Amino acid sequence: MLSLVSVNLCGTLRANCQGSQVYCVSLDASKVFDRVIHSGLFVKLAKRGIPLPFIRMLKYWYSHLQYAVLWKGVLGNIFNIRRRGVRQGGVLSPFLFSIYMDELIRKFCSSGYGLYIGNVFTGCIMYAYDIMLLACSCFGLQRLVEAV
């Protein structure tokens, strides 16, 4: 999965982790956004207790997507799109992608590395396909990146 992720090392933040520096790395997982396997997403939604009628609606929606190009008032031919990925710009897409990525976030949390505030793991901050990993050491940050 690392080949699908662009990494931007932020260096150290000017924050304290019980007297030490906090290290961060920014991951752009936008390519992963386009590679979400629908069947896997639907299984994960069901495991989360999402109502079956909602999952069926999403299955129908994602299996019947069609597009056409409108240019200078002329509508081109309708075509189907690929059967994977979540719709970029879709209102539900960040939520669906977060559900899909939850296992990775749990892996970060259970790694023993990363930043904690009290007993709360704050070593992974994510919205849509932007992921920020935080740790109190370069070693810990490296372990989080390797988990990707």
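The values are calculated or read from the model by the stated rules, or taken from the named source; none is laboratory data. Note that this is a predicted model, so its numbers are computed, not measured. Cβ sites come from the backbone with ideal geometry, for glycine too, and all protein chains shown count toward neighbours. Note: accessible area is taken over every heavy atom of the protein model, side chains too, but ligands, DNA and RNA are not part of it. Shrake-Rupley method; radii C 1.70, N 1.55, O 1.52, S 1.80 Å.
Here is how the numbers come out for the structure above:
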item	result
Heavy-atom accessible area order for Phe121, Phe95, Phe33, largest first, 1.4 Å probe	Phe95, Phe121, Phe33
Overall dimensions of the chain by Cα: Rg and Dmax, Å	18.8, 63
List Phe54, Phe108, Phe42, ordered by accessible area with a 1.4 Å probe, largest first	Phe54, Phe42, Phe108
Cross-link reach list, lysines versus Lys59, counting only Cα pairs under 28 Å and skipping chain neighbours closer than eight places	Lys31, Lys44, Lys47, Lys107
Largest to smallest accessible area among Met126, Met101 [probe 1.4 Å]	Met126, Met101
Cα→Cβ-extended label distance, 7 Å offset, between Lys107 and Ile125, nm	2.3 nm
Ellipticity estimate at 222 nm from DSSP helix runs (n ≥ 4, -39,500 (n - 2.57)) divided over the chain, nearest 500	-11000 deg cm²/dmol
Potential lengthening between Arg56 and Gln21 on full extension [0.36 nm per residue; Cα-Cα distance subtracted]	7.9 nm
